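First up is the structure itself, then whatever we jot down about it.
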Amino acid sequence: MERNYKQTYVFGVKELKQADIAEAETDARLLLEYVCRSDRNTLLAHGDRALSAEEYESYVNYIAERKKHVPLQYITGVQDFMGLEFAVNEHVLIPRQDTEILVEEVMRHLHDGMRILDMCTGSGCILLSLLYYSNGCSGVGVDISKEALAVAAQNARKVGKLKNDTVGICVCGSNTAKEDSISAEFVQSDLFERLEERTGSFEIIVSNPPYIRSDVIGTLMPEVRDFEPHLALDGQADGLFFYRQIISQAGKYLTGGGMLFLEIGYDQGEAVKALMESAGYLEVEVVKDYAGLDRVVYGVRNEVTAGC
Ligand code: GLN
């Protein structure tokens, strides 16, 4: 039976609602746009556009996946973050809008030519957006998962190409190109384990580590609980395991006056601030997100005690 665009959309919405998918209308529309390579305008202005049999069949399959609570982004394979499109798959956390607060906070302190370490880089979204929106900076992304690093490397090529195109330069191999392309290296390591201890390696260390308490994971929405990598979510018994590790070791890699930025859960501001202060960090601040919840903690490495 031939179906047009609007009818197919209505079918998708109905199916997703039946499965209690929260954003049924949006997801039904986005999946249709994904299948038909169309945009929002198509539903509004060209609802009578016919779907080919292949398009319809793919749509039905994707709707069935979404009904099982597979996140939309794992179906389409992409997520926007900081105005850039990142590839994602089941090996990486889907970049969150909340994490843009972390990136924006780092950007307020980032200068041309700085070196950045992104600990637990996942899709690479934090490091790569920082490199995209700065000049002459370079960075290292660390993750324990080699599958995640494959996604980060793919994203580095994507974002690097975009940056070259944006500035209209593609003179590979020459010095001028270096200034305007993405200079990122990815290292597979359990936190700092495989990073050579060298004070002064980075002006900025940033991390959005796993920070959900283990006993809370089971209560998360099915999209997160059943499909996103627990390795990227689970902050162990009190959720603070990775903060303790990162805070106690970061000083060995930061320059004097270097800064550590951490994304945190809404109820972790005080605890993480206290951890940073007792490790000797100065000017420790907690930053709220647009919902008014604590979201980022950052501080400056203390010249005297860091590295001890
Ligand atoms: N840094 C990545 C992100 O913010 C992954 C974070 C993680 O795996 N905990 O999306």
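What follows is calculated from the coordinates using simple rules that are stated; it is not laboratory data. Keep in mind that what you see is a predicted model, and the values were worked out from it rather than measured. Cβ sites come from the backbone with ideal geometry, for glycine too, and all protein chains shown count toward neighbours.
Please give the residues of the stretch 1-34, grouped as numeric ranges, whose backbone N is less than 14 Å from a label point set 7 Å along the Cα-to-Cβ vector of residue 49.
4-9, 29-34
Identify which of 263, 197, 228 has the largest mean-square fluctuation in a Gaussian network model of the chain, with springs joining Cα atoms closer than 10 Å.
197
In percent, what relative contact order does the stretch 1-45 have, based on Cα pairs under 8 Å that are 6 or more apart in sequence?
Computed value for the stretch 1-45: 33 percent relative contact order.
So in the chain, what percent of DSSP beta bridges are antiparallel if you round to the nearest 5?
Roughly 40 percent of the DSSP beta bridges within the chain come out antiparallel.
Which values of log₁₀ I(q)/I(0), to two decimal places, follow from the Debye formula for the chain at q = 0.10 Å⁻¹ with a uniform point scatterer at every Cα?
-0.62
How far is helix 5-18 tilted, in degrees, relative to the longest principal axis of the Cα atoms in the chain, given as a value from 0 to 90 rounded to the nearest 10?
So the inclination is approximately 60 degrees.
In nm, give the distance between the simple-model label positions of residue 17 and residue 150, each being 7 Å from the Cα along the Cα-to-Cβ direction.
Once both label points are built, they end up 4.0 nm from each other.
Counting Lys +1, Arg +1, Asp -1, Glu -1, what net charge surrounds residue 217 among other residues with beta carbon under 14 Å of its beta carbon?
-4
Could you work out which residue, out of 137, 120, 36, moves most in a Gaussian network model of the chain, that is, has the largest mean-square fluctuation with Cα springs under 10 Å?
Fluctuation is largest for 36.
Kindly give the semi-axes, whole Å and largest first, of the ellipsoid equivalent to the stretch 178-308, taking each as the square root of 5 times a Cα gyration tensor eigenvalue.
In descending order, the three semi-axes are 26, 19, 15 Å.
Can you tell me the length gained on complete extension of the stretch residue 270 to residue 236, counting 0.36 nm per residue apart and subtracting the Cα distance?
So the chain would gain 10.4 nm between residue 270 and residue 236.
Just tell me which lysines come within less than 20 Å, Cα to Cα, of residue 67; anything on the same chain fewer than 8 places away is out.
6, 14, 17
Can you compute the modelled spin-label distance between residue 217 and residue 96, with each label point 7 Å from Cα toward Cβ, in nm?
1.6
Hey, any idea what the orientation-averaged projected area of the convex hull of the stretch 58-176's Cα atoms comes to, in nm²?
It is 8.8 nm².
So between residue 183 and residue 283, what do we pick up on full extension, going 0.36 nm a residue minus the alpha carbon distance?
Length gained, residue 183 through residue 283: 33.0 nm.
Starting from the Cα of residue 64, step 7 Å along the direction of its Cβ; do the same at residue 39; then give the gap between the two resulting points in nm.
3.2
Residue 198 to residue 25: extension gain in nm, 0.36 nm per residue of separation minus the Cα-Cα distance?
57.1 nm
Below 8 Å between Cα atoms, with a sequence gap of 6+, how large is the relative contact order for the chain in percent?
Here the relative contact order equals 14 percent.
What do you get for the angle between helix 241-250 and the principal long axis of the chain? Use alpha-carbon atoms, 0 to 90 degrees, nearest ten.
The angle comes out at about 50 degrees.
For a test of the definition: using alpha carbon positions, the gyration tensor, and the 1.5 limit on a/c, classify the stretch 1-132 as rounded, prolate or oblate.
Since a/c reaches 1.5 and a/b is larger than b/c, the shape of the stretch 1-132 is classed as prolate.
I'd like the Karplus ³J(HN,Hα) series for the stretch 185-193: coefficients 6.51, -1.76, 1.60, θ = phi - 60°, whole numbers in Hz, and an x wherever there's a Gly or Pro.
After applying 6.51 cos²θ - 1.76 cosθ + 1.60, I find 10, 10, 10, 7, 7, 7, 6, 8, 3 Hz.
Which residue fluctuates the most in the chain, going by a Gaussian network model with Cα springs under 10 Å, if the choices are 186, 11, 242?
Answer for the Gaussian network model of the chain: 11.
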